[in-house]
Amino acid sequence: MSASSSVPVLTIDGPSGSGKGTVSRRVAEHLGWHLLDSGALYRAVGYAASMADIDLSDGDAVTRCAHSARIRFRPSEDGSDTRVWVNGHDASDELRTETCGATASAVAAIPSVREALKAKQLAFRKRPGLVADGRDMGTVIFPDAPYKVFLTASAAERARRRYKQLKEKGLSVTISGLQREIEARDERDASRPVAPLRPAEGAMLVDSTGLSIDEVVASVIALVQADT
């Protein structure tokens, strides 16, 4: 057994807008574990490819971009968030847009890109533990993780949450439009031939529709603490 394989991992997978990012961050803070936002990696590659005017249908070019992109995670000045720097630029705000999310979904469907980013993700597994947030953390990247969660919510609920976030930033969006985008992305992620979005074997299923963040966080923490 390698040293890294003895480090505990909690995987939190789920579709876009299920709340896994917020839940993962708060659980990691509570446990004092490291945090991996795998979705940010794919968004960063998509962003880097777009900035380089790379055609996303050119899998080889996107893969080269995945290998060469300089992606760094740094805490915000007040410590309340994590900023993502891509090739020397703080791209955090751009990475949160729906456009970048769609780009990330397209990039993630390229097998060679997923392979290129796998080593980067595995490197996050360090003591005392890791909370890994994504779509294939429990099925592909950390299949041996002792703790696995699949977090979801209805498309309508996820659209309402996203609408509130974007309106607070002054963006012009509609709930119906966001819901259509979410449903389309769900279909792409679930039907892609490589690492389709699905619950990992043995994962605890949590439907956050109608639940507060505090309630979801408490249930996930209880999963880990029940075994310690």
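Just so you know, all these numbers are worked out from the coordinates, no wet-lab data involved. All values derive from a computational prediction rather than experimental measurement. Virtual Cβ from ideal backbone geometry, glycine too; neighbours counted across all protein chains shown.
Things worth noting here:
- Where Cα atoms sit under 27 Å apart: lysine pairs in the chain separated by 8 or more or lying on different chains: 11
- CD proxy at 222 nm, helix term only [per DSSP H run n ≥ 4: -39500 (n - 2.57); per residue of the chain; nearest 500]: -14500 deg cm²/dmol
- Summary of packing: across the peptides 177-187, 108-118, 34-44, 203-213, the per-residue average of other C-beta atoms within 10 Å ranks them, highest first, as 34-44, 108-118, 177-187, 203-213.
- Electrostatic dipole magnitude of the stretch 76-135 [Cβ: Lys, Arg +1; Asp, Glu -1; Cα centre; debye, to 20]: 580
- Among beta bridges from DSSP that stay inside the chain, the antiparallel ones total about 30%.
- The protection proxy used here, the mean number of other Cβ atoms lying within 10 Å of each residue, ranks peptides 156-163, 63-70 as follows, highest first: 156-163, 63-70.
- Modelled this way, with points 7 Å down the Cα-to-C-beta line, the labels at Met204 and Thr82 are 2.1 nm from one another.
- Centre separation in Å (Cα based) which lies between the stretch 1-65 and the stretch 150-228: 15
- Computed over the chain, relative contact order equals 33 percent, with contacts defined as Cα pairs under 8 Å that lie 6+ residues apart.
- Relative contact order of the stretch 39-127, defined on C-alpha pairs under 8 angstrom at six or more residues apart (%): 34
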